[in-house]
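The values are calculated or read from the model by the stated rules, or taken from the named source; none is laboratory data. Not measured: the values here are computed from a predicted model. Heads up, the Cβs are rebuilt from the backbone with ideal geometry, glycines too, and the neighbour counts pull from every protein chain shown. Accessible surface areas use protein heavy atoms only, side chains included; no ligands, DNA or RNA. Shrake-Rupley method; radii C 1.70, N 1.55, O 1.52, S 1.80 Å.
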Amino acid sequence: DPCGATQGQQGINLFNLKIPVDTVLFKPNIDSVKIKDSATSCNSFDFKGLGYTNTSAINSWKWSFGDGGTDVQQNTSNTYSTSGTYTVKLVVTDINGCKNSITKPLTTSVVTITKSNDTSLCGSALVQLLAGGGVFYLGTPTSTLSNPNIPTPVVTPLVTAIYHVTVTNAVGCSKTDSIKIIINAFPLISKSNDTSICANTTVQLTAGGGTTYSWTPISTLNNPDIFNPIATPTATTKYYVTVTNASGCSKIDSIIITAKSAPVITKPNDTSICYN
């Protein structure tokens, strides 16, 4: 034909053949493969590979966990990061290079907790904690929570505290996370005392206990952003200082400077008299 093929010749007929030619029937070396799995959590599993052979031993093991993970150990484990159904496959190879395999589906359930962030407070205050991702909740320590069995309990910590929440989903899988509430102290302000000065004279104000300072009113101060400004009040003035410490907590105190008026002098006029 156009492709250059030629017709073959007549074949040879053979008679009186003995079937089977080999009297020993073929039997595969690998009889069966099994996977024995046991859950260590809702999304973690231990796997054991079982390979039954007739003569030659198993030479290698290869696992595919269905999530992209693999291993070459006979016994192994895997943790799944998301919920779903995965097909686990085990391939065994004997010393002759013959292979056999088995697959098994696994369903995982992963609890993904959403929660409020760690928080820093200045002094004790009411805080609402938030958690999500399940249908049942348990917060600890229970003694300081308004309700330990809801996703939005309220707490009023007096000192820095760590609150743990255990979230359980609809199939009974649980996970625990924590929220830290840091209680920072307000600054302890030291300051100069209230005082009196003559009007239009100067006085130095001082404050301590923080890292930054802000004074008001600023109109009669030489620098409102230092701990020891110079004040020149024209009338009695109450100066406020906001002191902020290294934790970012602020407190306000005040100093009253009373400006006293100069005396109004009355006197007789200059005059001339006769001696004696």
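Quick notes
- Projecting the Cα atoms of Gly51, Ser120, Gly69 onto the dipole axis of the chain, where Lys and Arg carry +1 and Asp and Glu carry -1 at the beta carbon, places Gly51 farthest toward the positive end.
- Under the Karplus curve 6.51 cos²θ - 1.76 cosθ + 1.60, θ = phi - 60°, whole-Hz ³J(HN,Hα) for segment 59-69, x wherever Gly or Pro sits: 9, 8, 10, 9, 9, 10, 8, x, 10, x, x
- Heavy-atom accessible area for Lys251, with the other protein chains in place and a 1.4 Å probe, reaches approximately 100 Å².
- Note that segment 238-253 has calculated 3J(HN,Hα) couplings of 9, 9, 9, 10, 9, 9, 10, 9, 5, 7, x, 8, 10, 8, 10, 9 Hz, one per residue in order, obtained from phi through the Karplus relation 6.51 cos²θ - 1.76 cosθ + 1.60 (θ = phi - 60°); glycine and proline are x.
- Rounded percent of accessible protein surface that carbon and sulfur make up, segment 16-97, 1.4 Å probe: 51 percent
- Within the listed set Lys27, Lys18, Lys48, the residue fluctuating most in the Gaussian network model of the chain (springs between alpha-carbon atoms under 10 angstrom) is Lys18.
- The phi torsions of segment 222-232, fed into the Karplus equation with coefficients 6.51, -1.76 and 1.60 and a -60° offset, translate into couplings of 6, 7, x, 10, 10, 7, 9, x, 9, 10, 10 Hz, rounded to whole numbers, with Gly and Pro shown as x.
- Test item: Cα-centred dipole of the chain, Lys/Arg +1 and Asp/Glu -1 on Cβ, debye: 340 debye
- Here the alpha carbons of the chain define both size measures, Rg and Dmax, at 44.2, 181 Å.
- Sorting Tyr86, Tyr275 on solvent-accessible area from highest to lowest, probe radius 1.4 Å, gives Tyr275, Tyr86.
- In this structure the amide hydrogen of Ser60, modeled in the peptide plane, comes within under 5 Å of the amide hydrogens of Thr93, none closer than 5 places in sequence on its chain.
- Measuring only protein heavy atoms, the 1.4 Å probe finds Ser272 accessible over about 110 Å².
- A Gaussian network model of the chain, with springs between Cα atoms under 10 Å, assigns the largest mean-square fluctuation among Val264, Val165, Val92 to Val264.
- Anisotropy class of segment 33-95 from Cα gyration tensor, a/c 1.5 cut: prolate
- Computed over segment 24-107: relative contact order in percent, which uses C-alpha pairs under 8 Å that are six or more apart: 30 percent
- Spin-label pair Lys18-Ala170: with each label point 7 Å from Cα along the Cα-Cβ axis, the two points sit 7.0 nm from one another.
- With Cα atoms defining each centre, segment 65-134 and segment 205-243 are spaced 60 Å apart in the structure.
- Mean accessible surface per residue for the chain, computed with a 1.4 Å probe while every protein chain stays in place, in Å²: 65 Å²
- Mean sequence separation of contacting Cα pairs (under 8 Å, at least six apart), scaled by the length of the chain, corresponds to a relative contact order of 11 percent.
- Set of lysines with alpha-carbon distance to Lys48 below 28 Å, sequence-local pairs under 8 removed: Lys27, Lys34, Lys36, Lys62, Lys89, Lys99, Lys104, Lys175
- All distinct Cα pairs of segment 88-208 go into the 1/r average, and the inverse of that average, the Kirkwood radius, is 19.6 Å.
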